[in-house]
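To start, the structure itself, in structure tokens.
Each value in this text was obtained by applying a stated rule to the coordinates, not by laboratory testing. Source: prediction; values computed, not measured. All Cβ positions, even for glycine, are placed from backbone atoms using ideal geometry, and neighbour counts span all protein chains on display.
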Amino acid sequence: METGSQALGLCLIAEPDRFIAQLLIRFAEEMRLTCVRAKEGEDLLALARRIKPDVIILDAEFPGDRIGWEILRSLKADAETRHIRLISCSWLSQAEVYSLGGQLAGHLQKPDISYDDFAAIMKKAGVIKKMRKDENPSQLSD
């Protein structure tokens, strides 16, 4: 988890696959975002209300009392969370995900999630306003 004054925002990741979740966390932390990973079955609406993330990356099929696409709709219908940028991360195509939940700021297609795609979606969604000139999203440091 990113800490300190360097953090540029808070990212809630709701991804059941631990390897993909770790990849998303790595990418987000490279962009100086603080990350919180939701547990399977966790009440994402309550968690989002409590921690107030800038962005939520959500598997459209995230398991729980309600699956991901139902959570997408609830987040957008709730006055406390409707402003949060939502990015889907799914095996479903972008068109399939948009037809289920709509109102998304972006879509990451599993399994081929690259840092360049991640950075472009975060910028397009307005999560990352601008990067310093010396930062190159295609050069992920190890």
Query raised in the report: Between region 41-62 and region 14-28, what is the C-alpha centre distance in whole Å?
Result: 14 Å
Report task. Could you tell me the largest-minus-smallest coordinate of the C-alpha atoms of region 9-124 on each of the three principal axes, in descending order and whole angstroms? Result -> 31, 28, 26
Query raised in the report: Taking the Cα-to-Cβ direction at LYS123 and at ARG26 and moving 7 Å from each Cα, how far apart do the two end points lie in nm?
Result: 2.2 nm
